[in-house]
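Structure, as structure tokens:
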Amino acid sequence: MQGQNQDPLTASLLKLDITDNQLKPSGAQVPGSTNQTQQTTLHLIEQNSLNFSIFFNDKGYHNHCVHHLLAAYAFGASSDRLNRIYEKYANYLRPRLPPKVTITEENWTEYLGRADLWTEYLVFFEDIVERDGYKKAFENYGFHPSMLSLLYARAFHPIIHIGYGYEFNLPLIVAEGLAQAAVHNNLLINLINEELLSYNGPEKKSILEIIEDISKEEFIKKTIDYNDELKQKSLMLNKEGVDLVRNHAKKWVIPETEEDLKKATHELYKACVLIYGGAAIRPDNEVTRPDFFLMHALNAMFFITSILPHINSLQKRIQLLRGEFATLLTFYASQGCAKLNIEALKNYKPKTLSEEPNPWLEIIKYSLEEEAEPHVIKVIRSLMKAGELMGPEKDDLYVKIAQLSIEGYDKAGWSLGGSGWDQEWSEEGIKKALEFKTMWSNLGVKH
């Protein structure tokens with residue numbers, strides 16, 4: 001297979017033979033996967049890597065094909081449905097381009113942030129993963145000072161992608177995730193730094209205490225305008241904004257013991273759930289507005305729990321959690337510091353989804369049938385995983401947040417402008433969200 005005349009775009013990939021892998025989700029799955037659907041999924045993942053770039057437009061929107069396929073596979077999707085999902089992506093994704101430069105162990109940090117070097121970084125990290133194994137490769141490169149903050153770039157996409165590789169034991173996907181991190185701008189490098197990662201007191205607070213504190217910072221809404229397209233960027237390009245977020249984030253301290261790490265993991269996962277869910281509902285509004293970026297923070301937490309058991313260094317595991325929290329805080333702040341309406345969340349009653357005989361059944365069915373949108377199925381899995389990891393929630397919050405996610409997305413799309421901003425709940429704010437929903441739904445549709 002690896003003759004001298006082999007296409008350079010496929011040479012490295014074929015050394016990462018994925019065809020013998022038994023795809024076994026780490027949780028949040030339902031029966032239905034078969035040998036056929038496994039082989040279909042692996043084949044389509046390989047085709048995606050061979051043929052397409054990680055970005056599909058000049059704005060840096062990501063190729064979600066792998067995420068969507070693996071989530072659908074975990075929910076028992078048929079081969080026909082998996083192929084339909086792939087075809088929708090194949091109709092609009094950009095082609096993977098031939099390499100222009102050679103990335104080596106000597107120069108790999110010199111080109112970081114170059115969105116046009118996806119192929120180059122992918123070939124480089126495929127070789128590293130094949131040589132060292134994906135777990136050692138991730139620990140050696142993912143925690144490099146130039147790379148750690150890049151794991152959370154552009155709404156957590158690199159760490160989510162890497163997490164899929166860990167969850168399904170796919171070296172190729174870990175290599176793709178590292179390459180994805182390498183081609184992003186490092187907006188968070190001054191936030192996720194030694195000051196944040198090494199802080200150990202004297203002031204220490206819980207996550208929800210820090211959320212309450214930062215929500216009172218008047219500086220945030222003076223610095224960010226609702227009409228800013230990328231509000232996190234507005235905050236992170238402001239030195240005072242970076243310092244403010246870091247000074248709050250570093251107060252969440254994780255003692256260096258295994259038991260404390262487990263507690264911190266649960267605290268952060270639960271916080272991601274409550275922040276995403278609590279921000280999406282207002283007692284005086286019938287429409288729910290699930291926030292697009294807080295949703296990504298929750299999804300990232302799912303995949304961090306897939307990665308953590310495989311990292312030997314306790315210190316690195318703590319760094320991974322603290323980086324996740326700091327990035328979550330940038331989005332909570334920039335998306336408007338939403339009030340977390342937990343009581344309204346507890347009382348949520350679905351308007352269109354049936355709760356009998358098991359509310360999760362209709363939720364899973366909807367997420368599988370929504371072939372045009374990759375985020376719904378991912379957040380549903382993240383909420384299911386929360387229940388598996390931490391046990392049933394006394395107020396059934398996980399299923400209620402899953403329901404409001406679907407009903408909110410159905411009626412008003414994702415809240416991109418920020419669920420903490422009053423304008424986002426207006427008719428105009430909903431109109432903009434629905435326009436984005438329509439745009440995304442029409443991607444890959446042949447007219």
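The values are calculated or read from the model by the stated rules, or taken from the named source; none is laboratory data. Bear in mind the structure is a predicted one, so any value in this text is a computation, not a measurement. In this analysis, Cβ positions are derived from the backbone assuming ideal geometry, glycine residues included, and neighbour counts consider all displayed protein chains.
Summary of values
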{"read-out": "Helices (runs of 4 or more DSSP H) contained in the stretch 4-98 and holding at least 1 residues at pLDDT 95 or above and outside the structural domain of Ser306 (by TED's automatic domain parsing)", "value": "35-51, 65-74, 79-90"}
{"read-out": "Residue match in the stretch 361-376 (condition: closer than 29 Å to Ser215 by Cα and either hydrophobic (A, V, I, L, M, F, W, C) or in contact with a Leu (Cβ under 6 Å, 6 or more places away or on another chain) (or both))", "value": "yes"}
{"read-out": "Of all residues making up the stretch 107-129, the number that are part of a helix (DSSP H, G or I) and under 18 Å from Phe55 (Cβ atoms)", "value": "11"}
{"read-out": "The listed residue being touching a residue at least 24 places away in the same chain (Cβ under 8 Å), of a type in the set (A, V, I, L, M), farther than 18 Å from Pro309 by Cα and buried (at least 22 other Cβ atoms within 10 Å of the Cβ), out of Ile103, Ile85, Ile160", "value": "Ile85"}
{"read-out": "Checklist (1) surrounded by fewer than 22 Cβ atoms within 10 Å (Cβ to Cβ); (2) closer than 30 Å to Gly32 by Cα; (3) among the hydroxyl-bearing types (Ser, Thr, Tyr) applied to Ser426, failing item", "value": "(2)"}
{"read-out": "Residues being out of contact with any strand residue (DSSP E or B) (no Cβ under 6 Å at 6 or more places or on another chain) and closer than 25 Å to Lys216 by Cβ - total across the stretch 302-340", "value": "19"}
{"read-out": "Residues being out of contact with any helix residue (DSSP H, G or I) (no Cβ under 9 Å at 6 or more places or on another chain) and in a loop (DSSP other than H, G, I, E, B) - total across the stretch 200-222", "value": "6"}
{"read-out": "Selection count where residues are over 19 Å from Ser198 (Cβ atoms) and loosely packed, with under 15 Cβ neighbours inside 10 Å, scope the stretch 310-330", "value": "2"}
{"read-out": "Hits in the stretch 301-330 (condition: over 18 Å from Ser206 (Cα atoms) and either assigned to a loop (DSSP other than H, G, I, E, B) or touching a His at 6+ places or on another chain (Cβ under 9 Å) (or both))", "value": "Phe303, Ile311, Asn312, Ser313"}
{"read-out": "Qualifying residues in the stretch 291-303 (those that are buried (at least 24 other Cβ atoms within 10 Å of the Cβ) and in contact with a Leu (Cβ under 7 Å, 6 or more places away or on another chain)) - the one farthest from Phe331 (Cα to Cα)", "value": "Met301"}
{"read-out": "Residue within the stretch 347-366 that is closer than 20 Å to Ala71 by Cα and charged (D, E, K, R) present", "value": "yes"}
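Residues checked against (1) over 21 Å from Asp410 (Cβ atoms); (2) assigned by TED's automatic domain parsing to the domain that holds Ile220; (3) without any contact (Cβ under 8 Å) to a residue 24 or more places away in the chain; (4) in contact with an Asp or Glu (Cβ under 8 Å, 6 or more places away or on another chain):
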position: Thr265; (1), (2), (3), (4): yes, yes, no, no
position: Leu274; (1), (2), (3), (4): yes, yes, no, no
position: Phe292; (1), (2), (3), (4): no, yes, no, no
position: Ala300; (1), (2), (3), (4): yes, yes, no, yes
position: Pro350; (1), (2), (3), (4): no, yes, no, yes
position: Ser354; (1), (2), (3), (4): no, yes, yes, yes
position: Ser367; (1), (2), (3), (4): no, yes, no, no
position: Glu370; (1), (2), (3), (4): no, yes, yes, no
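Yes/no matrix, rows are residues, columns are (1) under 27 Å from His248 (Cβ atoms); (2) assigned by TED's automatic domain parsing to the domain that holds Ala71; (3) without any contact (Cβ under 8 Å) to a residue 40 or more places away in the chain; (4) not hydroxyl-bearing (Ser, Thr, Tyr):
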residue: Leu329; (1), (2), (3), (4): yes, no, no, yes
residue: Asn347; (1), (2), (3), (4): no, no, yes, yes
residue: Asp395; (1), (2), (3), (4): no, no, no, yes
residue: Val399; (1), (2), (3), (4): no, no, no, yes
residue: Asp410; (1), (2), (3), (4): no, no, no, yes
residue: Gly420; (1), (2), (3), (4): yes, no, no, yes
